[in-house]
Amino acid sequence: MHYYLIKRLGFLVLTIIAASALAFFMLHAVPGETAENVARHTIVGMEDSVSAEVAQEISSKYNLNDPIWIQYTNWLSGLIFRGDLGSSYVYKDTSVMTLISLALGPTIILAIASMLIVIVVGIPLGMYCAVHENRPSDLIIRGATILSISFPSFWLALMLILVFSLMLNLLPVAGYGSPANIVLPAVALALHPTAVVLRIVRTSMLETLGQQYITFAIAKGLSFGHILWNHAIKNALIPVLTLLGVYFGHLLAGTVIIENIFAWPGIGNLLISSVDARDIPVVTSCIVVIVAMFLIVNFVVDISYHFIDPRIRYE
Amino acid sequence: MSEEIIISPETRRMLPVKSIDSSKNRLYREIAKRPGFQVCLLLLGILVIVAIFAPYISPYDPEAISVKDKNQGISSAHLFGTDFLGRDLFSLTICGAQTSLLIASISVAVALVFGCVVGCVAGYYGGVVDEVLSRCVDLLLAFPGIIFALALLAFMGAGILNLIIAITLSQWAIYARLMRGQVISIKNLEYVQSAYTAGLPDRRIMIRHLFPNAIMPVLILATLDIGHVILSVAGLSFLGLGIPPGIPEWGSMIGAGKEFLRTAPLNVIVPGLAITFVVLIFNFLGEGLRDILDVHNDQVNIG
């Protein structure tokens with residue numbers, strides 16, 4: 001177990017570093033243009049034409065003339081040894097670490113709120129469908145899940161705004177701060193994963209209810225509720241756990257669009273505004289942070305299997 | 001399906017032609033049993049025809065701006081109303097279908113071919129080749145959802161070709177992983193071993209024996225994925241990263257129309273319903289295909 005843990009942890013760190021390299025090289029592949037873009041976005045009067053001297057000055061200020069792998073090693077060693085992600089081109093040289101740490105909280109709050117909706121709605125409804133297999137209620141709920149994985153989440157977000165904010169005036173259109181602000185983005189974000197989790201819970205529950213030990217428990221005369229809650233649920237929910245890990249990543253990716261719509265001051269919003277401004281250090285760091293969060297959550301899910309299901313052993 | 005896989009080429013030649021035929025007949029029989037699936041196929045057919053002939057079907061020029069007609073409601077002249085520049089929303093939506101379907105099908109097809117080749121090579125050769133290719137796949141799959149495509153587009157800039165490249169590069173890894181698993185599960189079966197013993201070159205073994213028998217779950221995944229890719233394309237265009245302005249596309253229509261959500265909600269509602277409708281068709285088709293071919297659930301889930 002310890003050996004496995006260390007091996008997995010090593011892989012985790014290596015994958016994060018490799019992903020950061022990929023993101024870094026991809027975004028830094030056009031050195032000349034970078035300096036010009038920075039000038040265009042930061043210096044007043046340079047929107048249309050950028051003089052060569054200014055571009056040169058910016059290039060030397062941010063070491064843009066170094067070979068790309070040296071730039072990357074500098075960036076990586078700064079991250080590892082000083083916890084420094086470089087400085088933003090656009091936000092008046094604020095350190096990227098500050099921007100990221102300000103944005104991380106709102107994104108995590110939003111992701112956790114959506115995950116709660118997924119768990120609270122998806123798992124019980126999935127179990128309900130499994131128990132009522134092929135009855136009208138099951139068919140209606142399953143139909144609704146197919147419909148809801150077909151909605152674009154950003155469109156749903158706009159429809160929610162239209163109905164609940166503009167027409168009914170119940171919830172704020174956008175913003176951050178009060179608890180009412182989180183309802184609409186969390187619901188819009190939770191829609192897809194809830195539908196998928198519901199379907200997997202249903203399938204997995206049906207499979208578990210067909211097992212012999214359940215038949216035995218029924219034959220023994222135990223009440224169905226007791227069997228469901230004490231015998232079936234633990235085994236049925238194990239595959240769901242993996243899915244929750246994977247969908248946490250989709251939530252993180254989904255926040256990019258949803259945060260943009262609701263002006264939620266998280267990583268996604270920071271990422272998109274930085275892409276628009278070609279603020280490459282911020283873009284790279286946002287992507288690396290999202291990838292790292294995704295990988296860490298899945299790592300924790302993998303490890304937690306051992307505690308949930310002692311039958312699973314690691315080599 | 002598993003029974004079919006074990007039949008060696010020699011035995012297959014000895015079997016009466018009818019029995020091979022019957023698997024095809026089984027497919028038709030299964031489809032005949034499912035009216036919902038037929039309706040979806042029909043709708044898909046109509047959709048493809050509409051998309052191909054979009055410029056001829058649309059009643060107005062989708063680019064024709066007439067500011068005095070802007071933000072009109074539903075009327076007999078404008079079936080879905082007009083947008084914030086007075087363009088006919090029905091025409092825009094139809095032409096948007098062309099853009100969406102074209103981009104989604106090209107990128108899924110390219111990703112499918114590339115992913116299958118990589119997965120097949122990795123699974124068949126194993127060892128170092130497998131290790132290197134699998135690590136690449138793992139690396140790409142570490143980027144959740146649209147993040148990788150978004151990073152690529154941030155670097156390359158918006159554009160139809162760039163969008164196709166970005167989606168393809170972020171999708172192929174899923175197919176490669178599934179294909180690799182399939183190939184590993186069948187490569188030790190007797191018919192592959194005997195083909196190897198008979199001295200067939202690797203390329204021939206892969207093309208003749210591994211590909212056809214391993215590809216079904218990957219194809220189903222691709223069908224399920226088209227809907228998913230349409231959603232990704234729409235999302236990226238909504239953010240202004242996908243399609244350059246001037247080409248009708250549902251995601252960018254929603255993105256541009258969202259400023260008028262209060263005064264003219266049709267700008268947003270119409271393209272959104274179009275996306276939902278098309279993705280719904282693909283989801284139903286993928287679902288039905290999975291039932292018909294009876295592929296085990298866990299082979300295809302987790303996109």
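The values are calculated or read from the model by the stated rules, or taken from the named source; none is laboratory data. On a predicted model such as this, the values are computed, not experimentally measured, just so you know. Cβ placement follows ideal geometry from the backbone for every residue including glycine, while neighbour counts extend to all protein chains displayed.
Do you know which residues across the stretch A:179-216 are outside any helix (DSSP H, G or I) and either modelled with pLDDT of 85 or more or within 18 Å of residue A:157 (Cα to Cα) (or both)? Don't jump to the end; show me each part of the working.
Looking only at the stretch A:179-216, we keep the residues that are outside any helix (DSSP H, G or I), and these are A:179, A:210-211.
The answer is A:179, and nothing else.
Output the residues belonging to the stretch A:103-135 that are over 29 Å from residue A:234 (Cβ atoms) and exposed (fewer than 14 other Cβ atoms within 10 Å of the Cβ).
A:105
Out of curiosity, is residue B:104 closer than 24 Å to residue A:21 by Cα and either away from every other protein chain (no Cβ under 14 Å) or crowded, with 24+ Cβ neighbours inside 10 Å (or both)?
For residue B:104, the condition - closer than 24 Å to residue A:21 by Cα and either away from every other protein chain (no Cβ under 14 Å) or crowded, with 24+ Cβ neighbours inside 10 Å (or both) - is not met.
Determine which single condition residue B:173 fails, assuming it passes every other condition in (1) closer than 28 Å to residue B:40 by Cα; (2) among the small types (Gly, Ala, Ser); (3) touching an Asp or Glu at 6+ places or on another chain (Cβ under 9 Å).
(1)
Output the residues belonging to the stretch B:136-152 that are within 8 Å of chain A (Cβ to nearest Cβ), touching a Leu at 6+ places or on another chain (Cβ under 9 Å) and assigned to a helix (DSSP H, G or I). Give the derivation first.
Within the stretch B:136-152, the subset within 8 Å of chain A (Cβ to nearest Cβ) is B:138-139, B:142-147, B:150-152.
Now drop any that are not touching a Leu at 6+ places or on another chain (Cβ under 9 Å), which leaves B:139, B:142-147, B:150-152.
Passing the criteria: B:139, B:147, B:150, B:151, B:152.
Look at residue A:169 and say whether it is under 29 Å from residue A:270 (Cα atoms) and surrounded by fewer than 18 Cβ atoms within 10 Å (Cβ to Cβ).
yes
Given the condition away from every other protein chain (no Cβ under 12 Å), out of contact with any strand residue (DSSP E or B) (no Cβ under 8 Å at 6 or more places or on another chain), not in a helix (DSSP H, G or I) and not β-branched (Val, Ile, Thr), answer yes or no: does some residue in the stretch A:146-155 qualify?
No, the conditions are met nowhere in the stretch A:146-155.
Quick one: which helices (runs of 4 or more DSSP H) lie wholly within the stretch A:231-315 and hold at least 2 residues that are charged (D, E, K, R) and more than 8 Å from every other protein chain (Cβ to nearest Cβ)?
Ranges flagged: A:233-262.
Could you pull out the residue among A:181, A:134 that is under 20 Å from the mean Cα position of the chain (by Cα) and more than 12 Å from chain B (Cβ to nearest Cβ)?
Being under 20 Å from the mean Cα position of the chain (by Cα) and more than 12 Å from chain B (Cβ to nearest Cβ) holds for just one of A:181, A:134, which is A:181.
Mind checking which residues of the stretch B:251-276 are out of contact with any helix residue (DSSP H, G or I) (no Cβ under 8 Å at 6 or more places or on another chain) and closer than 24 Å to residue B:47 by Cβ? Explain how you work it out, then say what you get.
Going residue by residue through the stretch B:251-276, those that are out of contact with any helix residue (DSSP H, G or I) (no Cβ under 8 Å at 6 or more places or on another chain) are B:259, B:263, B:273.
Within the stretch B:251-276, just B:273 meets the criteria.
This table checks each residue for (1) away from chain B (no Cβ under 14 Å); (2) at pLDDT 65 or above.
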residue: A:21; (1), (2): no, yes
residue: A:28; (1), (2): no, yes
residue: A:45; (1), (2): yes, no
residue: A:51; (1), (2): yes, yes
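Quick one: which residue in A:208, A:194, A:145 is of a type in the set (Val, Ile, Thr), over 22 Å from the mean Cα position of the chain (by Cα) and more than 22 Å from residue B:238 (Cα to Cα)?
Step by step, each of A:208, A:194, A:145 is checked, and only A:208 is of a type in the set (Val, Ile, Thr), over 22 Å from the mean Cα position of the chain (by Cα) and more than 22 Å from residue B:238 (Cα to Cα).
Among the residues that make up the stretch B:135-147, is at least one of them touching a helix residue (DSSP H, G or I) at 6+ places or on another chain (Cβ under 8 Å), surrounded by 24 or more Cβ atoms within 10 Å (Cβ to Cβ) and on the phi > 0 side of the Ramachandran plot?
yes
Return yes or no: is residue B:273 within 14 Å of another protein chain (Cβ to nearest Cβ), in a helix (DSSP H, G or I) and under 17 Å from the mean Cα position of the chain (by Cα)?
It is false that residue B:273 is within 14 Å of another protein chain (Cβ to nearest Cβ), in a helix (DSSP H, G or I) and under 17 Å from the mean Cα position of the chain (by Cα).
Is one or more of the residues making up the stretch A:157-178 at pLDDT 85 or above and more than 14 Å from chain B (Cβ to nearest Cβ)?
Within the stretch A:157-178, not a single residue is at pLDDT 85 or above and more than 14 Å from chain B (Cβ to nearest Cβ).
Out of everything in the stretch A:292-301 that is under 12 Å from residue A:244 (Cα atoms) and crowded, with 18+ Cβ neighbours inside 10 Å, what residue ends up being farthest from the chain's Cα centre (by Cα)?
Here the answer is A:298.
Read through the list (1) touching a residue at least 24 places away in the same chain (Cβ under 8 Å); (2) assigned to a helix (DSSP H, G or I); (3) within 14 Å of chain B (Cβ to nearest Cβ), then give the number of the only condition that residue A:106 fails.
Among (1) touching a residue at least 24 places away in the same chain (Cβ under 8 Å); (2) assigned to a helix (DSSP H, G or I); (3) within 14 Å of chain B (Cβ to nearest Cβ), residue A:106 violates only (3).
Only residues that are touching a residue at least 12 places away in the same chain (Cβ under 8 Å), part of a loop (DSSP other than H, G, I, E, B), within 12 Å of chain A (Cβ to nearest Cβ) and farther than 28 Å from residue B:284 by Cα: list them for the stretch B:221-269, please.
B:240, B:241, B:263, B:264
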